[in-house]
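Okay, so here's the structure we're looking at.
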Amino acid sequence: MKPTQEFSPCINEGCNLPATYGDKCRAHRQVERRIQQAIEDGTCYAYEGRSHGYQAEAAHAYYVEMSVAPSTWEWITTTCATPLCLNPEHMAFKAPKKLAYPSYICIYCGRSGYTVDHLLPRRLGGEAKRAYVVTVPACGTCNSLLGDTLTWSITERRAICHARLRRKYRKILNHFEYAESDLKEYGPTLRKAIVRGMEDKAEVMRMLDWPIDPLYDDRACEKAGIGDPYEVGLIISMVEANRIAAEVTAPRNRERMPRDAA
Ligand SMILES: [Zn+2]
Ligand SMILES: [Zn+2]
Ligand SMILES: [Zn+2]
């Protein structure tokens, strides 16, 4: 049997120190005091950790002092000369409307695309004003395959899109691969048709391999000023994305069954 815990841990994420000052540890209580002092004096209070942790710490400070939580999309910058200032009154919120992807290249399949796909945050649901929703470049095919997919994760959307592309082009993908030597056995017309089939298949394979650059999404988020796209859920692990895509794209047949039976 575990010994009874005599203290509860500090409420700050990742902090295991005992909460000896209300629901916080001594170190975190001190930070809060210094933030309150900075507000009173109108001075800066520089965050001492790595810039990676600043967003969480700043959002927490803002929430504690202002009783308002920054939204999923918002990113904190400072209006003062201290880049990692924890004084909530020196904080400014940035919400990118566009991720910094190369224009007119579909982020899902890599072909040229002249439409924009809206990443509709789940928390905003159907009430989101489209004008404030982040957009990414997409081709008409991928955009319509995604329809009203309710996730703002780029990785998840791409995995779902690819699963649907695989279904849409399944005949092309099933095209047999012929060796150069085999082709010689066929007449010119048939040979042409076989070669075209192989070219089509290669193009679909290229779409499914997109993006070739593993940091394609990370870079677009970074340029848009989103410091941690994993934290806000814009990028998730490929394993997780594929698992969700399999779930989202598979049930169709199962849903149809009761209707057929009736
Ligand atoms: Zn703590
Ligand atoms: Zn400041
Ligand atoms: Zn596309």
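Bear in mind that the values in this text are calculations on the coordinates, not laboratory data. Because the structure is predicted, anything quoted here is derived from the model rather than measured. Positions of Cβ are generated from backbone atoms using ideal geometry, with glycine treated the same way; all protein chains shown enter the neighbour counts.
Laid out as a table, the results:
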item: Partner aspartates and glutamates for Lys97 [C-alpha distance under 20 Å; skip if fewer than 8 residues away on the same chain]; result: Glu74, Asp117, Glu127, Asp148, Glu156, Asp217, Asp218, Glu222, Asp228, Glu231
item: For Ala224, net neighbour charge (Lys/Arg +1, Asp/Glu -1) across residues whose Cβ lies under 10 Å away; result: +4
item: Computed lengthening from Cys44 to Lys168, 0.36 nm per intervening residue step minus Cα-Cα distance; result: 39.0 nm
item: Principal-axis tilt of helix 188-209 within the chain, Cα atoms, nearest 10 degrees; result: 10 degrees
item: Relative contact order (%) - criterion: Cα under 8 Å, at least six apart; region: the stretch 74-215; result: 21 percent
item: Approximate spin-label separation Lys97-Phe176, in nm, with each point projected 7 Å along Cα-to-Cβ; result: 5.5 nm
item: Rounded to 10°, Cα long-axis angle of helix 251-261 versus longest principal axis of the chain; result: 60 degrees
item: Cα centroid separation, the stretch 157-195 to the stretch 53-86 (Å); result: 52 Å
item: Amide H contacts of Tyr108 (H built 1.01 Å from N, under 5 Å, at least 5 apart or other chain); result: Cys139
item: Helix 26-41 vs. the chain, principal-axis angle (Cα, 0 to 90°, nearest 10); result: 80 degrees
item: Mean Cβ count within 10 Å, highest first, over the residues of peptides 230-239, 151-160; result: 151-160, 230-239
item: For the stretch 94-223, the fraction of alpha-carbon pairs in successive 10 Å shells from zero, as %; result: 12, 36, 27, 15, 8, 3, 0
item: 5 angstrom amide H check on Thr115, placed H, neighbours 5+ away; result: Ala138, Gly140
item: Placed amide H near Trp75: partners under 5 Å, 5+ positions off or other chain; result: Lys94, Ala95
item: Column: log10 I(q)/I(0), Debye, Cα scatterers of the chain, q = 0.11 Å⁻¹; result: -0.80
item: Per-residue ³J(HN,Hα) for the stretch 164-179, Karplus 6.51 cos²θ - 1.76 cosθ + 1.60, θ = phi - 60°, Hz, x for Gly and Pro; result: 6, 5, 4, 6, 4, 9, 4, 5, 4, 5, 7, 4, 5, 8, 9, 7
item: Rg/Rh for the stretch 10-110, where both radii come from Cα atoms and Rh is the Kirkwood radius; result: 1.09
item: For the chain: relative contact order, % (alpha-carbon pairs under 8 angstrom, 6 or more apart); result: 16 percent
item: The stretch 146-212: radius of gyration over Cα atoms, expressed as a fraction of 2.2 N^0.38 Å; result: 1.47
